[in-house]
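The values are calculated or read from the model by the stated rules, or taken from the named source; none is laboratory data. This is a predicted model, so every value here is computed, not measured. Virtual Cβ from ideal backbone geometry, glycine too; neighbours counted across all protein chains shown. Remember, those area values only see protein heavy atoms, side chains included, never the ligands or the DNA or RNA. Shrake-Rupley method; radii C 1.70, N 1.55, O 1.52, S 1.80 Å.
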Amino acid sequence: ERHSHLIPHIEDLSLPGCFALTEVGHGSNARNIETTAEYDPATEEFIIHTPNEAATKYWIGNAALHGRMATVFAQLLLNGKNLSVHAFVVPIRNQDGSVASGVTIWDCGAKNGLAGVDNGAIAFNR
């Protein structure tokens, strides 16, 4: 229900997105990912953070050029307690395509295989 307003834009491809699980230091081993999502009661938002280079989201399809939203997998921190991995819908670009504040994105470069996908890396700085 919270994200239902996004569905028509996802369906008509006007809101491109990506799936951000894989990290440099952990591959797709979700249990050990290091990206964090800490709830901030003052803003009523989750603050997504990449605490170190190993936690950089990497080889994320559609991230380098086109993705505006990402489903980001992160360790949920609430009141100082780690509540395990959860998925968060996170804006990574503004409507005009510029990178969102607190987000760093770069292209992973050429790869073998499916070269038509713009694989990128994403880091979040509180």
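Suppose the chain between HIS3 and PHE19 were pulled fully straight at 0.36 nm per residue; how much longer would it get relative to their current alpha carbon spacing?
4.2 nm
Just to verify a number: what accessible area does LEU78 come out at with the full protein assembly present, 1.4 Å probe, Å² rounded to tens?
60 Å²
Please report the relative contact order for the chain, taking Cα pairs under 8 Å with a sequence separation of at least 6, and give it as a percent rounded to a whole number.
Worked out over the chain, it gives 26 percent.
Mind checking the full-extension length gain between THR71 and VAL85? Use 0.36 nm per residue of separation minus the Cα-Cα distance, one decimal, nm.
Contour length minus Cα-Cα distance gives 3.8 nm.
Counting Lys and Arg as +1 and Asp and Glu as -1, what is the net charge of the other residues whose Cβ lies under 15 Å from the Cβ of ALA74?
-1
Under a point spin-label approximation (7 Å from Cα along Cα-to-Cβ), what is the VAL99-ASP40 distance to one decimal in nm?
1.9 nm
Of all DSSP beta bridges located in region 22-126, what percent are antiparallel, nearest 5?
Once the DSSP bridges in region 22-126 are tallied, antiparallel ones form about 90 percent.
Identify the GluC sites (Glu not before Pro) of region 28-60 meeting these criteria: DSSP loop state and at most 15 other C-beta atoms within 10 Å of the C-beta.
GLU44
Kindly sort LYS57, LYS81, LYS111 by accessible area of their heavy atoms, largest first, with the probe set to 1.4 Å.
Correct descending sequence by accessible area is LYS81, LYS111, LYS57.
Give me the Kirkwood hydrodynamic radius of the chain in Å, from all C-alpha pairs, to one decimal place?
In the chain this quantity evaluates to 14.9 Å.
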